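Let me begin by presenting the structure, written as structure tokens, before commenting on it.
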Amino acid sequence: MTEQPGRLAAYWERQLGKLEEAERKRARRLPGWRTRKHRRTLVVVLVFADLALVAGATQFKADPRWVFPAFWLTGLVVGGFAFLTLRVLTGRMSGSFSRLLDEREREWRHRVTYIGYQALSYLMLIAMCYGLVVADTPESAAMMLSALLVTGTTIPAVVLGWSLPDDDPEDFEEGMGNA
């Protein structure tokens, strides 16, 4: 049994090494987009996509029948693109292991995680109230819950994308030189 902890630790070291390598590759993507201006543009797109999801959820059983899918699919596709792009541009700070982050990035991650948790808690309260008071069917309540859950999960990326300073060009060049 004494071998198991050593094997498990070695396994995790290999996995973290793979994550570090993947992060180095990802850090070289979209170098021209790594400015606050581009990130803020994506944040605005993501917020509007989240609002489209919520608007679609309010129209789940409404006539005409095309309104819900138009809002919902637009929100998912546009929001998904903006969210994934923001995750690349923010260095996946909101979801990386602590070991892969420096002290500043770790502090940012703790801040946005806390903000995201608070926002998601409030959004779930709103979804509960919507389901109890406004929704006429359980399906409508479930759609609003889904829309607000997706919106809540994007909050850390929105906060990071809006508030992070521009990347230091020297750091980016050093990273490229080590490749």
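What follows is calculated from the coordinates using simple rules that are stated; it is not laboratory data. Predicted model only: the values in this text are computed from it and were never measured. Virtual Cβ from ideal backbone geometry, glycine too; neighbours counted across all protein chains shown.
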LEU76 among the aliphatic types (A, V, I, L, M), within 17 Å of LEU149 (Cβ to Cβ) and under 15 Å from the mean Cα position of the chain (by Cα)
yes
Note down all Cβ pairs under 6 Å where the first residue falls in the stretch 107-128 and is more than 11 Å from LEU149 (Cβ to Cβ), the second is part of a helix (DSSP H, G or I) and hydrophobic (A, V, I, L, M, F, W, C), and they're at least six residues apart or on different chains.
VAL112/VAL159; VAL112/LEU160; ILE115/VAL159; GLY116/ILE155; ALA119/ILE155
First in the stretch 55-70 and part of a loop (DSSP other than H, G, I, E, B), second anywhere and crowded, with 18+ Cβ neighbours inside 10 Å and of a type in the set (A, V, I, L, M), Cβ under 7 Å, 6 or more apart:
PHE60/MET143
